[in-house]
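As structure tokens, the structure follows; a few thoughts come after it.
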Amino acid sequence: MDFRPSLRRTGSAATVVVAGLATVVQVAGPAAAAAPSLRTERVSVSSTGAQGDASTIVGDLSSNGRYVVFDSDSSGLVPGDTNETGDVFLRDRQTDTTTRLSVSAAGEQSNGSSGSPRISADGRYVTFISYASNLVAGGSRPEIGYDVYLLDRQDGTLDRISETPDGKPGDGDNFNPSISADGRYVAFETYASNLVPGVGAGNVVIYDRTTAQLSPVSVAADGTATGSGSFAPAISDNGRYVAFVSFSADLAPGDTNGVGDIYVRDLVAGTTVRASVSDDDHEIAGDSRGGEVSNNGRYVTFWSDDSTLVPGDSNGASDVFVRDLQAGTTRLVSTSTDGVPANSSSDQPSITANGRYVVFDSAATNLVAGDTNGVFDVFRKDLQTGTTTLVSRRTNGTQGDSDSVNPNVTPNGKIVAYGSDATNLTAGDTNGQTDLFVTKLLG
């Protein structure tokens with residue numbers, strides 16, 4: 001099973017498994033001059049700067065942007081990579097070194113594909129999934145599948161966390177881990193039926209590193225676990241809130257639409273609320289995906305192809321939204337600085353811990369002035385000022401010549417990692433692969 005998202009977006013959530021006024025930001029064209037200060041670098045390279053020979057689509061950042069984790073099938077990023085499968089890597093942007101993380105404590109290469117890494121705020125802990133059976137002792141199981149692992153880079157400890165209290169592996173696959181800032185909590189989706197008593201396959205669970213226990217997340221307000229159909233968790237930095245997608249009709253009253261909705265579970269208060277509702281609190285008919293939640297649990301960003309979330313949504317494409325759970329309002333995020341809705345598909349949002357910035361990708365040409373490349377770009381929306389900024393550019397401001405998608409952002413909103421097919425974001429990009437880039441906005 002390919003757990004990595006496709007680079008190209010369709011604009012329809014149904015096809016994906018998985019303000020004030022300010023000056024419009026000018027965008028440099030192919031030979032443009034002045035542009036807002038930024039610096040773009042390619043990070044899916046070896047310690048010597050050699051290009052990868054396979055694609056890298058998604059990356060995650062430590063809070064200061066120094067460390068970037070990603071998965072790749074490339075065999076040339078580190079010496080001795082001969083397992084011919086996907087591995088998890090870490091790029092240190094300060095020392096310009098790349099190391100492989102998906103190895104056993106003894107340094108043995110994995111015998112199965114690894115991916116979907118996420119990193120803690122300080123870069124110490126990294127969680128990822130792997131099909132390998134040799135990463136930890138007792139890793140093999142009768143039915144080989146994906147497990148979730150947690151690596152402590154400080155002491156080198158690698159633990160399989162998708163297992164029963166007595167150390168037995170899950171009887172189904174596990175995907176999409178999300179880690180809290182301190183590395184204590186890891187939420188993930190599981191298709192195993194034996195990890196948590198009373199919780200069947202197709203649910204979201206959370207691992208507590210301190211207690212080494214798993215608990216259910218995709219539960220109704222009364223604590224009842226859903227039958228199935230919950231996935232794609234995203235945990236808040238403080239580990240209190242988990243946003244996720246669910247097709248279940250049991251999580252909130254009046255859920256009768258039969259589509260994927262965004263929910264937020266407050267693990268302290270024990271409440272579950274639906275976030276993918278319209279500005280006037282009505283249920284929507286379209287699918288929603290990509291939920292993420294701010295640190296205080298107030299702001300939830302997601303994307304949807306439903307046209308009734310906000311008034312005047314007539315572009316016929318997927319859009320990015322933010323739900324204010326405290327005020328009970330839903331806001332369109334994929335707009336230009338002056339509030340004009342995107343004229344094409346927008347998706348894959350990521351929100352900062354304070355809820356101020358949202359980064360997303362979009363094929364729209366009207367979000368910033370001078371966007372003429374006709375491909376998916378990565379943008380940043382400042383929800384406080386309303387400013388929309390084009391992120392996926394070369395350091396001199398030149399637009400990318402192909403799609404850039406799947407952004408993740410640091411807590412301060414200034415450093416963004418994303419995958420791109422563009423060949424002109426940095427010099428010497430000749431490998432013909434999707435690469436991982438990091439852009440730092442200096443202004």
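Quick one: THR430 ticks every box in (1) part of a loop (DSSP other than H, G, I, E, B); (2) closer than 22 Å to VAL333 by Cα except a single one, so which number is it?
The single condition THR430 does not satisfy is (2).
Of all residues in the stretch 82-93 being in a loop (DSSP other than H, G, I, E, B) and under 23 Å from the mean Cα position of the chain (by Cα), which is surrounded by the most Cβ atoms within 10 Å (Cβ to Cβ)?
Once the filter is applied, the top-ranked residue is GLY86.
For residues that are part of a strand (DSSP E or B) and of a type in the set (Gly, Ala, Ser), scanning just the stretch 229-288, find the one that is surrounded by the most Cβ atoms within 10 Å (Cβ to Cβ).
Top of the filtered list is ALA243.
Kindly evaluate GLN94 against the criterion of being of a type outside the set (Ser, Thr, Tyr) and under 30 Å from ASN238 (Cβ atoms).
Yes: the conditions hold for GLN94.
May I ask you to list the residues in the stretch 148-180 that are over 13 Å from THR127 (Cβ atoms) and not charged (D, E, K, R)?
Across the stretch 148-180, the qualifying residues are GLN154, GLY156, THR164, PRO165, GLY167, PRO169, GLY170, GLY172.
What are the pairs, 6+ residues apart or on separate chains, where a residue within the stretch 55-68 that is on the phi < 0 side of the Ramachandran plot has its Cβ under 6 Å from a residue that is part of a loop (DSSP other than H, G, I, E, B) and among the basic types (Lys, Arg)?
Once the first residue is on the phi < 0 side of the Ramachandran plot and sits in the stretch 55-68, its partners that are part of a loop (DSSP other than H, G, I, E, B) and among the basic types (Lys, Arg) give ILE57/ARG4; ARG66/ARG93.
Being part of a strand (DSSP E or B) and in contact with a Pro (Cβ under 8 Å, 6 or more places away or on another chain) is the filter here, so list the residues in the stretch 384-404 that pass it.
THR389, THR398, GLN399
For the stretch 184-228: of the residues being in a loop (DSSP other than H, G, I, E, B) and of a type in the set (S, T, N, Q), which is nearest to TYR125 (Cα to Cα)?
Looking at residues that are in a loop (DSSP other than H, G, I, E, B) and of a type in the set (S, T, N, Q), I get THR210.
Test of understanding: among TYR191, TYR185, TYR146, TYR125, which residue is at pLDDT 95 or above, more than 27 Å from ARG66 (Cβ to Cβ) and within 19 Å of the chain's Cα centre (by Cα)?
Exactly one residue qualifies, and that residue is TYR146.
The values are calculated or read from the model by the stated rules, or taken from the named source; none is laboratory data. Keep in mind it's a predicted model, so treat the numbers as computed, not measured. Methodologically, a virtual Cβ is constructed for each residue, glycine included, from the backbone with ideal geometry; neighbour enumeration extends over all protein chains shown.
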